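Chemist: Sharing a structure below in structure tokens format, with a few things to ask.
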Amino acid sequence: MKSQIIPIIETAELLKLYQNENVIIVDASSGKNAKENYFIKHLDNALYIDLNSQLAVLPSDFADGGRHPLPSIEKFAETLQQLGITNDSHVIVYDDKSGANAAARFWWMLKSIGHEKVQVLNGGIQEADKVNFPINNNNEIPKTVEPYKFEDWKLHTAEINEVEKHSLNNNYIVIDVRENNRYRGEIEPIDLVAGHIPGAINVPFSTNLNENGQFLSPMELKVKYQTIFGNIKSENIIIHCGSGVTACHSLLAIDYAGLQIPKLYVGSWSEWSRNNKKIATDI
């Protein structure tokens, strides 16, 4: 699915647009105190979205879908209505991790229901701070809108059995975007077992960014990913991380590069490592 709008927006452009009636800014920062931090400081007009309760449904057993499975279509439609988002809304989302966390996940979810007018703020709130973007601590009130109607996720995802079947197949590529020390199996700060899926290659999501925490240029990203993909078709490329969140950062970078968006393995390492699957390490 090709973008009709550049998926990354610069702060200077946002400054020109943010007061437009159809623009909805969303703060997708995550972490222990994310909601509290939102009420201390957020971009002017920004609404808050919660990773765990609105961009995922937390299962009782992470072996079934990982730590952040996608919510139901009905639940996500309800979230969009709560945020005042309609089919015509221009959604601009940011987080406090250069788009590397829930901002990219929200972008992917909106893209996956066919919403084209969605962009991620390059550099996140840190970059907005540098140009003195208007900040406040208000409890922003969303517009009242009709329910957002869509039928299903349109972007491709991969299930655990497909990953297992093809991870060692030379006609497929499985990409692990976690930090290299987690991929190698040296540490595992979140899940129960360290290591990686056999056959997966490591392309950390952080390599999508420059030293200032902003995305590389579309051309730089295109050269990078075309070199990695070679002649492999996009439908045979599977991207994963720990729980299907930061993987979306690399999917965003790939889309920014003008390439077809590969499959997202939503369950990712948090599911794989809890299902008695083979595990590889580089130590």
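Chemist: Considering only the range 168-186, I want to know if a residue exists there that is under 20 Å from PHE205 (Cα atoms) and free of Cβ contacts under 8 Å to residues at least 12 places away in the same chain. Walk me through how you get there before you give the answer.
Modeler: Of the range 168-186, the ones under 20 Å from PHE205 (Cα atoms) are 172-186.
Checking the rest, the ones that are also free of Cβ contacts under 8 Å to residues at least 12 places away in the same chain come to 181.
Checking the range 168-186: at least one residue is under 20 Å from PHE205 (Cα atoms) and free of Cβ contacts under 8 Å to residues at least 12 places away in the same chain.
Chemist: A further question on this structure: List the residue pairs whose Cβ atoms are under 9 Å apart, where the first residue sits in the range 118-135 and is without any contact (Cβ under 8 Å) to a residue 24 or more places away in the chain, the second is of a type outside the set (Lys, Arg), and the two are 6 or more positions apart or on different chains.
Modeler: Close Cβ pairs (under 9 Å, with a partner that is of a type outside the set (Lys, Arg)) amount to ASP129/ILE135.
Chemist: Could you please find all residues in the range 224-280 being crowded, with 17+ Cβ neighbours inside 10 Å, over 13 Å from the mean Cα position of the chain (by Cα) and among the aliphatic types (A, V, I, L, M)?
Modeler: The answer is ILE237, ILE238, ALA257, LEU259.
Chemist: Looking at the range 177-192 only, could you name the residues that are more than 21 Å from LYS165 (Cα to Cα) and in a loop (DSSP other than H, G, I, E, B)? Give the steps one after another, and end with the answer.
Modeler: Taking the range 177-192 as the starting set, the residues that turn out to be more than 21 Å from LYS165 (Cα to Cα) are 178-182, 184-192.
Those that are more than 21 Å from LYS165 (Cα to Cα) and in a loop (DSSP other than H, G, I, E, B): ARG178, GLU179, GLY185, GLU186, ILE187, GLU188, PRO189, ILE190, ASP191, LEU192.
Chemist: Now a separate question. Please find, among PHE229, PHE205, PHE215, the residue that is aromatic (Phe, Trp, Tyr), more than 24 Å from ASN161 (Cβ to Cβ), in contact (Cβ under 8 Å) with a residue 40 or more places away in the chain and touching a strand residue (DSSP E or B) at 6+ places or on another chain (Cβ under 7 Å). Even if it seems obvious, please write down each step before you answer.
Modeler: Details: PHE229 fails: more than 24 Å from ASN161 (Cβ to Cβ); PHE205 fails: touching a strand residue (DSSP E or B) at 6+ places or on another chain (Cβ under 7 Å).
Going through PHE229, PHE205, PHE215 in turn, just one is aromatic (Phe, Trp, Tyr), more than 24 Å from ASN161 (Cβ to Cβ), in contact (Cβ under 8 Å) with a residue 40 or more places away in the chain and touching a strand residue (DSSP E or B) at 6+ places or on another chain (Cβ under 7 Å): PHE215.
Chemist: Taking the stated definitions as given, is ILE283 part of a helix (DSSP H, G or I), touching a residue at least 12 places away in the same chain (Cβ under 8 Å) and surrounded by fewer than 17 Cβ atoms within 10 Å (Cβ to Cβ)? It would help to see each step written out before you state the result.
Modeler: Values: part of a helix (DSSP H, G or I): no; touching a residue at least 12 places away in the same chain (Cβ under 8 Å): yes; surrounded by fewer than 17 Cβ atoms within 10 Å (Cβ to Cβ): yes.
Spelling it out, it is not the case that ILE283 is part of a helix (DSSP H, G or I), touching a residue at least 12 places away in the same chain (Cβ under 8 Å) and surrounded by fewer than 17 Cβ atoms within 10 Å (Cβ to Cβ).
Chemist: Continuing with the same structure: Suppose we filter the range 121-153 for residues that are assigned to a loop (DSSP other than H, G, I, E, B) and under 15 Å from LEU14 (Cβ atoms); how many remain? Lay out the reasoning, then the answer.
Modeler: Here is the first cut: in the range 121-153, the residues assigned to a loop (DSSP other than H, G, I, E, B) are 122-123, 131-134, 137-153.
Now narrow it down to the ones that are under 15 Å from LEU14 (Cβ atoms): 122-123, 131-134.
Residues that pass the stated criteria total 6.
Chemist: Now, a different point. Of the residues in the range 230-268, how many are closer than 18 Å to ALA104 by Cα and part of a helix (DSSP H, G or I)?
Modeler: So in the range 230-268, the residues closer than 18 Å to ALA104 by Cα come out as 238-268.
Narrowing the set further to residues that are part of a helix (DSSP H, G or I) leaves 247-256, 268.
Summing the residues that are closer than 18 Å to ALA104 by Cα and part of a helix (DSSP H, G or I) in the range 230-268 gives 11.
Chemist: All but one of (1) over 19 Å from GLU36 (Cα atoms); (2) surrounded by fewer than 17 Cβ atoms within 10 Å (Cβ to Cβ); (3) in the same structural domain as ALA46 (by TED's automatic domain parsing); (4) under 25 Å from the mean Cα position of the chain (by Cα) hold for GLY123, so report the exception by its number.
Modeler: All conditions pass for GLY123, except number (2).
Chemist: In the range 35-80, which residues are under 21 Å from ILE113 (Cα atoms) and among the charged types (D, E, K, R)?
Modeler: Result: ASP50, GLU74, LYS75, GLU78.
Chemist: Scan the range 238-260 residue by residue and report those that are within 15 Å of LEU55 (Cβ to Cβ), of a type in the set (Val, Ile, Thr) and out of contact with any His (no Cβ under 7 Å at 6 or more places or on another chain).
Modeler: Result: THR246, single match.
Chemist: Out of the residues in the range 204-223 that are in a helix (DSSP H, G or I) and either of a type in the set (Ser, Thr, Tyr) or within 14 Å of the chain's Cα centre (by Cα) (or both), which is surrounded by the most Cβ atoms within 10 Å (Cβ to Cβ)? Even if it seems obvious, please write down each step before you answer.
Modeler: Taking the range 204-223 as the starting set, the residues that turn out to be in a helix (DSSP H, G or I) are 205-208, 218-223.
Next, from what is left, pick out any that are either of a type in the set (Ser, Thr, Tyr) or within 14 Å of the chain's Cα centre (by Cα) (or both): 205-208.
Values: PHE205: 28, SER206: 16, THR207: 15, ASN208: 26.
The residue in question is PHE205.
The values are calculated or read from the model by the stated rules, or taken from the named source; none is laboratory data. Treat the numbers as computed from the prediction; the structure is a model and nothing was measured. Virtual Cβ from ideal backbone geometry, glycine too; neighbours counted across all protein chains shown.
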